[in-house]
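Engineer: Pasting in a structure now, in C-alpha cells, and then I'll have a few things to ask.
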Amino acid sequence: MPKKYNIPTKTSPPRFTPIGKSTILDWEGGCLRCFKCVKRQCIYDVYNERTFDVRQMTDTIDSLCKNCLRCVQSCPGQVITKVANAEYKRMGNSYWTPDIIRGQWFQAETGRIPVSGAGYGGPFSGPGFDDMWTDMSEIVRPTRDGIHGREYINTVVDLGRSFPCLRFDAAGHVVGDAPKKIEIPIPIILKDLPLGSLSESVFLAMAEAAQAMDTFMIAPVKEWKPYLEPYKTHLIPLLTEAEIDTHGELIRGVRIIEIQLSDVTEARFSRIRAAYPDVLIMVRVRLGERSGEEALALTRAGADILHLCADRDGNVESGNGTRFVKDVVRSVHKDLVEAGCRNEITLFASGGIAMAEHVAKGIIVGADAVAVDIPLLLALECRLCFRCEAGRSCPVEVENIHPEWGKNRILNLIAAWRNQLIEVLGAMGIREIRRLRGEVGRAMFFDDLERETFGKLFGKRTKRESVGN
C-alpha cells in the first residue's frame, strides 16, 4: 500500500474584505431602542465585529453575516433588511459564477469542504459538467469513508507511456526497455494562468505549492527566471519546438517538458528524446474538430503525455458550433480506445475545471488527470472582474501577495478538493483513482437519459428546450 498522503493546511485569512452575497440595510430612524436588541443576540456576533473598510468602501458585515436571517425576522421595528449585493452579482461570468468564486475563497482560506447544511437547492441539470451525475450507490457504506481514515483510498496517478502489451524473448525476458514513468500523488497539476496581475510572487507561490504537494506546475519559458531554479524538479517548462534548441540548460534537470507542435512526426520526437532521454514529452493540444485524429497521431508518433486544452470556460470551437470540454475529451478517449492505444498514453484535460467535482468528472470521461488554472487565481482572492485584461489595476492587488501566504492558500484549496475527490470515490465504492478513468458506466449523462427515455416519444430535442421544459 502506498504511503498515506496528506496536504498540509493552514488557515489563511484574506487580505481584503471579501464581497458578500448579500448586504444588510439598517434603517436606524425606525429603531424602537429595544432593551434586548436583536443585534446583540446575533449568535455569530457579526454586529459587534463589523467594521468599515475605508480602502474598499465596504461594510465588513456583508462577508461576516451567515444569512440566518434571525435579526431580520426578530426585529420588532422591522428596521433590518437583507438584500442581494449588486457587486457580488457582477463577479465572474455565466460559467465562473459568483457562488463558485465564493466557494473557492472559503476552501482557500480554511482547507475545508464547504457544507451548506441545507441540502442541494439548485437545478438537477444544466450546461457543462452539470448534465453529468456520478454513481453514489456505495454512499451507505460507512467503511468507504476515506477522509476519516477507516479505509485507504489511493489518488496516485502515473504519467508517461506504457507498453501496449508485454512481449517476451525465448528466454522469458521482457523485450524492450520499460517506458519511463513518473507518479504524482494527486490527479492535479497547476497550469499556467490565462489572466491576472501576475508577478514573481505569484509564480513563486505556485512553484512552492507544487513542490509541497509533490505535483507539477506548468511555467511558460518566457516567465522562467533564476528564482524558480530551486523548484525545477516540480516545474514543466512550456516551449515551442524552436525554443527547445535554445533552452537546453533550462531543460536539463526537469522531468517533463510541454511543447506546442505545428506538425506531428515521429522524427521530431526521436530528436527531442535523443537530446533529453530522461525527460517526458508532453504536447499541448488545442481541442477542436480533429482532436481525436491529432491525439492518435501524437500517440503513434511517440508523445508521452497529451494536454487537451479547452478555453477557460471549458468551451471548444468546432464546425458544428461550440462543444464542452468533457464531451470532446470523452470523444478523444473513445477514439484512442477504438484504435487500441489508449493505455499507451497519459491524458491531461484543462479548461472549465472550476470545482472539485469536475476533477472526478473529467477523469470519468477519459482523462488521467486535470490541469487547473483559474481556481488558483481565486485562491489568491481574484474576483474575476477581468479588469486586468483591459490593462486596469487589480482591486485585490494579486501581484503584491506574499509567496508564503499564496502557497498556503493554494495548498488549502487543493487539499479541500482532494478530500472531496476521496468522498466521491468512497461513495462510488472505488479505492483507486486509476480505476475511475473512462468509467462512464459509473455516471449518468442528461442527454443520454433523455434520448433513451423520451427520444422515441418526442424525437430529439435540444438541451435548452429540454431544460426549459
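Engineer: The list (1) 23; (2) 26; (3) 15 gives values of percent of Cα pairs over 40 Å apart, and only one came from this structure; which label was calculated from it?
Structural biologist: (2)
Engineer: In degrees from 0 to 90, rounded to the nearest 10, what is the angle of the helix 325-338 Cα long axis to the longest principal axis of the chain?
Structural biologist: 20 degrees
Engineer: Which ³J(HN,Hα) values in Hz, rounded to whole numbers, follow from the phi angles of region 58-65 under the Karplus curve 6.51 cos²θ - 1.76 cosθ + 1.60, where θ = phi - 60° and Gly and Pro get x?
Structural biologist: Those phi angles translate into 10, 7, 5, 5, 4, 8, 6, 4 Hz.
Engineer: Compute the acute angle (0 to 90°) between the alpha-carbon long axis of helix 446-458 and the principal axis of greatest extent of the alpha-carbon atoms of the chain; round to the nearest 10°.
Structural biologist: Roughly 90 degrees, rounded to the nearest 10.
Engineer: Oh, and also: What's the FRET efficiency of residue 339 with residue 265 using the Cβ-Cβ distance as r and R₀ = 22 Å, to the nearest 0.05?
Structural biologist: Efficiency, rounded to the nearest 0.05: 0.75.
Engineer: Please give, to one decimal in nm, the separation of the simple spin-label points placed at residue 182 and residue 399, each 7 Å out from Cα toward the Cβ.
Structural biologist: 3.0 nm
Engineer: Shifting gears a bit: Can you tell me the orientation of helix 291-301 relative to the chain, as the angle in degrees between its alpha-carbon axis and the longest Cα principal axis, to the nearest 10?
Structural biologist: With both axes taken from Cα atoms, the answer is about 40 degrees.
Engineer: Counting other beta carbons within 10 Å of each Cβ, put 233, 60 in order, fewest first.
Structural biologist: 233, 60
Engineer: Expressed as a whole number of Å, what is the distance separating the alpha-carbon centroids of region 303-380 and region 385-411?
Structural biologist: First find each Cα centre; the distance between them is then 26 Å.
Engineer: Which order do 446, 129 fall in if you start with the one that has the fewest other Cβ atoms within 10 Å?
Structural biologist: Ordered from fewest to most neighbouring Cβ atoms within 10 Å, 446, 129 come out as 446, 129.
Engineer: Quick one: dipole size for the chain, taken about the Cα centre, charges +1 on Lys/Arg Cβ and -1 on Asp/Glu Cβ, in debye to the nearest 20.
Structural biologist: Computed charge dipole of the chain: roughly 1240 debye.
Engineer: Under unit Cβ charges (Lys, Arg +1; Asp, Glu -1), what dipole magnitude, rounded to 20 debye, does region 22-90 have relative to its Cα centre?
Structural biologist: That gives a dipole near 220 debye.
Engineer: What's the exposure ranking of 358, 247, 402, 307, going from fewest to most Cβ atoms within 10 Å?
Structural biologist: With the fewest neighbours first, 358, 247, 402, 307 line up as 402, 247, 358, 307.
Engineer: Right, another one. Express as a percent, rounded to the nearest 5, the fraction of DSSP beta bridges in the chain (both residues included) that run antiparallel.
Structural biologist: 40 percent
Engineer: Distance cut-off 22 Å, Cα to Cα: go down the list 21/361; 334/456; 66/361; 222/326; 36/82 and report the pairs above it.
Structural biologist: As for pairs spanning more than 22 Å Cα to Cα, those are 21/361; 334/456; 66/361; 222/326.
Engineer: Show me 187-195, 283-291 ranked by packing, highest mean number of other Cβ atoms within 10 Å first.
Structural biologist: 187-195, 283-291
Engineer: Long-range amide H contacts for residue 280: which residues qualify at under 5 Å (H placed 1.01 Å from N, peptide plane, sequence gap of 5 or more or a different chain)?
Structural biologist: 256, 257
Just so you know, all these numbers are worked out from the coordinates, no wet-lab data involved. What you are looking at is a predicted structure, and each value in this text was computed from that prediction instead of being measured. Because the Cβ atoms are built from the backbone with ideal geometry, glycine has one as well, and the counts that use them run over all protein chains shown.
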